[in-house]
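The values are calculated or read from the model by the stated rules, or taken from the named source; none is laboratory data. Model, not experiment: these values are computed from the prediction. For neighbour counting, all protein chains shown are included, and Cβ atoms are generated from backbone atoms with ideal geometry for every residue, glycine included. Surface areas here come from the heavy atoms of the whole protein model, side chains and all, with no ligands, DNA or RNA. Shrake-Rupley method; radii C 1.70, N 1.55, O 1.52, S 1.80 Å.
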Amino acid sequence: MEIDKRQAMFEMALKEMTGANPRLVDALRNDHINLETLSDIEIIEVFWATELFPIYVEKSPHTRRAYKQDLEFVLNFVMTKSEGLKRLTVLDVHRYLFEVNERYAPRSAKRKNNMLKRLLTYLHVNHYHQHNLAFHVKNQRRPEPIRREIDFEEIERISEAFRHTVKRAKKKELMELRNETIGYLLLTTGMRAAELLSVKFTDVKRNQNAFYIEVKGKRDKWRRVPLTERASYLINRLQTLMMIEEETSPYIAFSTKKTGKAMSYEALRLLTHQAVEHVATGEHTPPHWFRRAYITKLLANGSPLINVMQLVGHESINTTNAYLQSLNQLSNISNTDLPFE
């Protein structure tokens, strides 16, 4: 009975994985995946379901989104600038590498190259290509763009300017408070932009000592981000004003266009640029700049690398170390050490 139940569960998962397409199911019934009878779109679907996201593996929404974007780029190139997956040539591969290198920064280009490499290897292993074209996919080497210098006084002014980006008259006080809260949280928590956008009011907690936010970072790893007194005050005030204005959303960075949803990353990016323009720097600053400033100032204050790595959710201490220029003395992180308070 238990075996039958598990078989039924597997069949249901298989159906979901293949989108109930019998041609895709048939392609999996041999000792290798038979791609010969499938269209380019169907091959991409099988590659997605069996190589990138098989039914026995869980990956984060962030990873799914990144893989989807990269795979869509590969598919668009194949459909518009080649004769299809079956007839890909070495010249097509080099044309792809040239286009990626022209359009994207080194890290993004490397990610898209790796996606093509995985797909080409997959096609060769499953006897769709006689030769492995992945051999010709190589990451171009060019210097990383120079990062903008961090001016701590300037970034505080930009954070304060978030409040002054509101142009609309309707619910203006609420919008100003929302933007002020967003700017201050970017400045004082070091959260990634995507993490901030996902934070709900219910994620704000309190222990015996202070307020903090429970944040889900990359690979679904949870961590606690301490809040300053002013941050907790702004959040409480925002929640109260939302009730008065009958604005219903669980998110701190709530959207004004989609009820009950958080604002998009693009909206946050534009909001940051407007704040930059307000302080007349004349430069575009992404939301991630606040996170960089937060990490840099923690290290400048003498906080240990391992503590900072855990606080901000870095997967590797090498990432944290990249922010480090000099350390004079080490001390433990506490709420009193939080920068910009």
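Observations, loosely collected:
- Overall, the accessible surface of segment 128-278 at a probe of 1.4 angstrom is composed of carbon and sulfur to the extent of 49 percent.
- Only protein atoms count toward the accessible area here, which uses a 1.4 Å probe; on segment 45-101, the carbon and sulfur part of that area reaches 56 percent.
- Exceeding the 30 Å Cα-Cα cut-off - candidates Lys110/Lys218; Lys218/Lys257; Lys110/Lys167; Lys167/Lys221; Lys110/Lys257: Lys110/Lys167; Lys167/Lys221; Lys110/Lys257
- Built amide H within the under 5 Å cut-off of Phe211, gap 5+: Leu227
- Residue ranges 165-173, 213-221, 40-48, 98-106 sort as 40-48, 213-221, 98-106, 165-173 when ordered by packing (mean number of other C-beta atoms within 10 Å per residue, highest first).
- Computed over segment 196-296, the P(r) tail beyond 17 angstrom holds 63 percent of alpha carbon pairs.
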